[in-house]
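Trainee: Sharing a structure below in structure tokens format, with a few things to ask.
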Amino acid sequence: MLGKVLLILQLFFTLVMGIYFFNMLKSQKSEKTGRHIDSTRELEKLHRLKEIRLTEPLAEKTRPDKLSEIIGQQDGIKALRAALCGPNPQHVLIYGPPGVGKTAAARVVLEEAIKTECSPFRPFAKFIEMDATTIRFDERAIADPLIGSVHDPIYQGAGAYGPAGIPQPKPGAVTKAHGGILFIDEIGELHPIQMNKLLKVLEDRKVFLESAYYSSGNKDIPAYIHEIFQKGLPADFRLVGATTRSPEEIPPAVRSRCVEIFFRGLNSEEVSQIASSAAKKGGFTLEPDALRLVGKFAQNGRDAVNLVQIAGSSALLDNYRRQIKASDIEWVAEFGHFIPRYEKKVSDKLEIGLVNGLAVTGANEGCILDVEAEVKEAKSKGTLTVTGIVETEEINARGEKLIKTSSAKASVSNMITVLEKHFGIDTKKYDIHVNFPGGMPVDGPSAGCAIITAVYSAIMQKGVDNRLAMTGEISIHGKIKPVGGICEKIGAAKRAGAKRVFIPKDNFGADFFPDGIEVIPVENISELFRGVFNNIFEEKTIIAAEPVNEQTLVSARNI
């Protein structure tokens, strides 16, 4: 009797367990079917979204695919090819204003390097692009898209090995770029800790990751994870960093590991060329006056494409017109608050106390710098007034405020010493006013030649041909010292219509200078004055003439 009861109980529990497991299987199948239905529905939504496509933006159509399509950066591209396409490619920093082709040049040069026989880049070399302004920095190191990170088992995203307590390494951009190029736009914006980690990777050419949950003796950890933690992830790439900052704002440790290349700002003719190409690819034509206005208002290639895009759309809405008129560009420039570029053109007049100096702007582009001087007879002790110089400039660099002091005022003091010591001019007899119109930051001593020429012209009442331009540092011994940015400065003088330009003799190298302008090397102030005033000067023998009165000065300016 007891055996029957036990048998019945056994059958009962077996039946209950069978029903339980049957319901579990049925529930799992139902859940799997539900997940499959949801997945199918979401996949269909995704496919429908992919079928919706807008037209390709004009900016994408005009993106350069060949080196020949990058306008105005011949020297920069030549340097970039030399740095990356040879048998021993280097890390590179590219400086330059926005919209001049830094990213496009780096991308195209990699394609060029892959085709170069002596280059170590292989056909599968990748171009990994990141923007330093959007790279998330996590102090806990849970996620680092640049260097790589480890998903520890206690964190979300640990993967299939999480329940087993196994840490999961996640490679970053430096490993994805292995064998290719890692391009970091606005590299100067990287967090200092990220920058230091990047420098370590550049040094080791591999990434070492750490985790408190990793144990070398844990046999449950897969072999590949053991190798990653013990030998590191490969990260042998070439860094190309682009920035709109100035070199002094980039950490010296980064600069010392890179070849520095400078892309300059585009002039109006080059911007017009980009606009013409963009209009053609967009199916538009540009009136000559409209093309000229694009060159006037657009500061770079991106501005030019945007102007053409909006003006073209406006024209199409106006009776499907395909020709962009000057009025269309003017309208876009007006509502877009585009600031017209200032490009000085020299005259053919003789000017007293006015000289064309040469400078280089922050966009690595040369420009004409007016240097004015007025001289009056002093009633008592002479005075020296300097206006127009921004003597200090505040720069925000990586969260720090740097005060940059102009050295141009030192050139004015040097000028006084040279005039007194080498030309016998008693400057204490005069009230001298030197002015730099525009209030732009005048940095560096390269305006020295222009300053001393303008002041001497005002004292001696000798006119200076406005078709001349000059650059050079003056020493208190009357020597003219070399300066930087010579090619950019000569190019600016040529664009302004100057016929001759005086430069320091130590900067002279005719093979690098643009054609169509006479470049005259000078070694000292006497040589400079002979070339400017067409007279023979002997130091310490010149006796300054008394300044003329205002009425005579006005007449002299109208010669």
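The values are calculated or read from the model by the stated rules, or taken from the named source; none is laboratory data. None of the values given here were measured: they were computed from a predicted structure. Glycine gets a Cβ as well: all are built from the backbone with ideal geometry, and neighbour counts include every protein chain shown.
Trainee: Report whether or not I142 is touching a Phe, Trp or Tyr at 6+ places or on another chain (Cβ under 8 Å), at pLDDT below 90 and of a type outside the set (K, R). Break it down into steps so the answer makes sense when it comes.
Mentor: Details: touching a Phe, Trp or Tyr at 6+ places or on another chain (Cβ under 8 Å): yes; at pLDDT below 90: yes; of a type outside the set (K, R): yes.
Answer is yes for this residue.
Trainee: Sticking with this one: Can you tell me which residue among V412, V418, V455, V434 is surrounded by 19 or more Cβ atoms within 10 Å (Cβ to Cβ) and not in a helix (DSSP H, G or I)?
Mentor: Numbers: V412 fails: not in a helix (DSSP H, G or I); V418 fails: not in a helix (DSSP H, G or I); V455 fails: not in a helix (DSSP H, G or I).
Among V412, V418, V455, V434, only V434 is surrounded by 19 or more Cβ atoms within 10 Å (Cβ to Cβ) and not in a helix (DSSP H, G or I).
Trainee: Next question, about the same structure. Would you confirm whether or not the range 211-218 contains a residue that is in a strand (DSSP E or B), surrounded by fewer than 16 Cβ atoms within 10 Å (Cβ to Cβ) and out of contact with any Cys (no Cβ under 7 Å at 6 or more places or on another chain)? So that I can check it myself, show each step before the final result.
Mentor: Here is the first cut: in the range 211-218, the ones in a strand (DSSP E or B) are none.
There is no residue in the range 211-218 that is in a strand (DSSP E or B), surrounded by fewer than 16 Cβ atoms within 10 Å (Cβ to Cβ) and out of contact with any Cys (no Cβ under 7 Å at 6 or more places or on another chain).
Trainee: State whether one or more residues within the range 37-53 are outside the structural domain of G366 (by TED's automatic domain parsing) and within 30 Å of S276 (Cα to Cα). Quick ask: steps written out before the conclusion?
Mentor: Within the range 37-53, the subset outside the structural domain of G366 (by TED's automatic domain parsing) is 37-53.
Checking the rest, the ones that are also within 30 Å of S276 (Cα to Cα) come to 53.
Checking the range 37-53: at least one residue is outside the structural domain of G366 (by TED's automatic domain parsing) and within 30 Å of S276 (Cα to Cα).
Trainee: I would also like to ask the following. Suppose the filter is under 19 Å from I187 (Cβ atoms) and surrounded by 10 or more Cβ atoms within 10 Å (Cβ to Cβ); does K61 pass it? Working first, answer last.
Mentor: Numbers: under 19 Å from I187 (Cβ atoms): no; surrounded by 10 or more Cβ atoms within 10 Å (Cβ to Cβ): yes.
Criteria not met by K61.
Trainee: Give the number of residues within the range 81-103 that are in contact with a strand residue (DSSP E or B) (Cβ under 6 Å, 6 or more places away or on another chain) and either closer than 19 Å to G301 by Cβ or without any contact (Cβ under 8 Å) to a residue 40 or more places away in the chain (or both).
Mentor: Here is the first cut: in the range 81-103, the residues in contact with a strand residue (DSSP E or B) (Cβ under 6 Å, 6 or more places away or on another chain) are 83, 89-95, 102.
Pick out the ones that are also either closer than 19 Å to G301 by Cβ or without any contact (Cβ under 8 Å) to a residue 40 or more places away in the chain (or both) and you get 94-95, 102.
Number of matching residues: 3.
Trainee: Give the residues of the range 321-349 that are out of contact with any helix residue (DSSP H, G or I) (no Cβ under 8 Å at 6 or more places or on another chain) and of a type in the set (G, A, S), sorted by residue number. If you could, list the steps in order and put the result at the bottom.
Mentor: Going through the range 321-349, the residues out of contact with any helix residue (DSSP H, G or I) (no Cβ under 8 Å at 6 or more places or on another chain) turn out to be 327, 334-335, 337, 342, 344-349.
Once the filter is applied, which keeps residues that are out of contact with any helix residue (DSSP H, G or I) (no Cβ under 8 Å at 6 or more places or on another chain) and of a type in the set (G, A, S), the range 321-349 yields S327, S347.
Trainee: Oh, and also: Check I329, I389 and return the single one that is in a loop (DSSP other than H, G, I, E, B), crowded, with 17+ Cβ neighbours inside 10 Å and either touching a Ser or Thr at 6+ places or on another chain (Cβ under 7 Å) or at pLDDT 85 or above (or both). Spell out how you get there, then give the answer.
Mentor: Values: I329 fails: in a loop (DSSP other than H, G, I, E, B).
After ruling out the rest, the residue left standing is I389.
Trainee: State whether one or more residues within the range 516-532 are within 27 Å of the chain's Cα centre (by Cα) and assigned to a helix (DSSP H, G or I). So that I can check it myself, show each step before the final result.
Mentor: If we filter the range 516-532 for residues that are within 27 Å of the chain's Cα centre (by Cα), which is where we start, we get none.
Within the range 516-532, not a single residue is within 27 Å of the chain's Cα centre (by Cα) and assigned to a helix (DSSP H, G or I).
Trainee: Then there is this: When the residues of the range 495-545 are filtered to those that are among the charged types (D, E, K, R) and over 17 Å from G472 (Cα atoms), which remaining residue is modelled with the highest pLDDT? Step through it out loud before you land on a result.
Mentor: Going residue by residue through the range 495-545, those that are among the charged types (D, E, K, R) are 495, 499-500, 505-506, 511, 515, 518, 523, 527, 530, 538-540.
Restricting the remaining residues to those that are over 17 Å from G472 (Cα atoms) gives 495, 499, 511, 515, 538-540.
Working: R495: 88, K499: 92, D511: 56, D515: 79, E538: 43, E539: 43, K540: 43.
Going through the qualifying residues, I end up with K499.
Trainee: Kindly list, by first and then second residue, each pair from a residue in the range 492-512 that is not assigned by TED's automatic domain parsing to the domain that holds K479 to a residue that is at pLDDT below 90 and crowded, with 19+ Cβ neighbours inside 10 Å, limited to pairs with Cβ atoms under 7 Å and residues at least 6 apart or on different chains.
Mentor: Qualifying pairs under 7 Å: none.
Trainee: Among (1) farther than 28 Å from E488 by Cα; (2) in a helix (DSSP H, G or I); (3) in contact with a Gly (Cβ under 9 Å, 6 or more places away or on another chain), which single condition is E374 missing?
Mentor: (2)
Trainee: Pairs please, first residue from the range 329-350 and free of Cβ contacts under 8 Å to residues at least 40 places away in the same chain and in the same structural domain as D303 (by TED's automatic domain parsing), second anywhere and surrounded by 15 or more Cβ atoms within 10 Å (Cβ to Cβ) and of a type in the set (D, E, K, R), Cβ atoms under 6 Å, 6+ apart in sequence or on different chains.
Mentor: Partner pairs satisfying both residue conditions: none exist.
Trainee: Would you mind telling me which numbered condition in (1) over 27 Å from the mean Cα position of the chain (by Cα); (2) more than 30 Å from P57 (Cα to Cα); (3) crowded, with 17+ Cβ neighbours inside 10 Å C367 fails?
Mentor: Here C367 clears every test but (1).
Trainee: Here's something else I'd like to know. Go through the range 1-58 and count every residue that is of a type in the set (D, E) and modelled with pLDDT of 80 or more.
Mentor: Residues flagged as of a type in the set (D, E) and modelled with pLDDT of 80 or more within the range 1-58 amount to 4.
Trainee: Out of F124, F137, which single residue is under 29 Å from the mean Cα position of the chain (by Cα), farther than 30 Å from F262 by Cβ and either among the hydrophobic types (A, V, I, L, M, F, W, C) or at pLDDT 80 or above (or both)? Step through it out loud before you land on a result.
Mentor: On the way: F137 fails: farther than 30 Å from F262 by Cβ.
Of F124, F137, the one residue that is under 29 Å from the mean Cα position of the chain (by Cα), farther than 30 Å from F262 by Cβ and either among the hydrophobic types (A, V, I, L, M, F, W, C) or at pLDDT 80 or above (or both) is F124.
Trainee: Please work out which residue is nearest to G101 (Cα to Cα), limiting yourself to the range 271-289 and to residues that are touching a residue at least 24 places away in the same chain (Cβ under 8 Å), touching a strand residue (DSSP E or B) at 6+ places or on another chain (Cβ under 8 Å) and assigned to a helix (DSSP H, G or I). Steps first, answer last, please.
Mentor: Start the filter on the range 271-289 by keeping residues that are touching a residue at least 24 places away in the same chain (Cβ under 8 Å), which leaves 271-275, 277-279, 281-287, 289.
Right, trim to touching a strand residue (DSSP E or B) at 6+ places or on another chain (Cβ under 8 Å) and you get 275, 279, 284-287.
Among the residues that remain, those that are also assigned to a helix (DSSP H, G or I) are: 275, 279.
Numbers: A275: 14, A279: 18 Å.
Across the range 271-289, the extreme among qualifying residues is A275.
Trainee: Go through the range 312-323 and count every residue that is under 11 Å from L58 (Cβ atoms) and in contact (Cβ under 8 Å) with a residue 12 or more places away in the chain. Before the answer, list the steps.
Mentor: Residues of the range 312-323 that are under 11 Å from L58 (Cβ atoms), as a first pass: 312-313.
With in contact (Cβ under 8 Å) with a residue 12 or more places away in the chain added as a condition, the list becomes 312.
Qualifying residue count, the range 312-323: 1.
Trainee: Does the range 471-485 contain at least one residue that is surrounded by 24 or more Cβ atoms within 10 Å (Cβ to Cβ), part of a strand (DSSP E or B) and on the phi < 0 side of the Ramachandran plot?
Mentor: Yes: the range 471-485 contains one or more residues that are surrounded by 24 or more Cβ atoms within 10 Å (Cβ to Cβ), part of a strand (DSSP E or B) and on the phi < 0 side of the Ramachandran plot.
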